[in-house]
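Below is one structure, written out as structure tokens; comments come after it.
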Amino acid sequence: MPVEEWESARKIDKQPEPVVQLEIPLSKLEKIFENGGLCAAEFRCMNKQSKLLIQALCLNHCKKRLQQL
């Protein structure tokens, strides 16, 4: 790899990771949580209502897992 390409690759690596804003039905998000595809620590909510819904979703998911023990 030429030096110029290596230096430009290093600059790209230092940039923050791009973020995406999207809307998704709560039922679909619940399925993703249940399959282990996403954890609440991996994202942030954009408004208070979303945060409350995610908190309830997480609590319900934890409750289900504890009942299976």
ARG65 - would you say it is among the basic types (Lys, Arg), surrounded by 10 or more Cβ atoms within 10 Å (Cβ to Cβ), modelled with pLDDT under 95 and assigned to a helix (DSSP H, G or I)? yes
Test: ASN60 is of a type outside the set (A, V, I, L, M), modelled with pLDDT of 90 or more and surrounded by fewer than 12 Cβ atoms within 10 Å (Cβ to Cβ): no
Restricting the first residue to the stretch 27-43 and requiring it to be surrounded by fewer than 11 Cβ atoms within 10 Å (Cβ to Cβ) and assigned to a helix (DSSP H, G or I), which pairs with a second residue that is hydroxyl-bearing (Ser, Thr, Tyr) and at pLDDT 95 or above meet a Cβ separation below 7 Å and a spacing of at least six or different chains? none
One residue is enough: does the stretch 12-26 have a residue meeting the conditions among the basic types (Lys, Arg) and at pLDDT 90 or above? no
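The values are calculated or read from the model by the stated rules, or taken from the named source; none is laboratory data. These numbers come from a predicted model, not from an experiment. Neighbour counts are summed over all protein chains in view; Cβ atoms, including those assigned to glycine, are modelled from backbone coordinates with ideal geometry.
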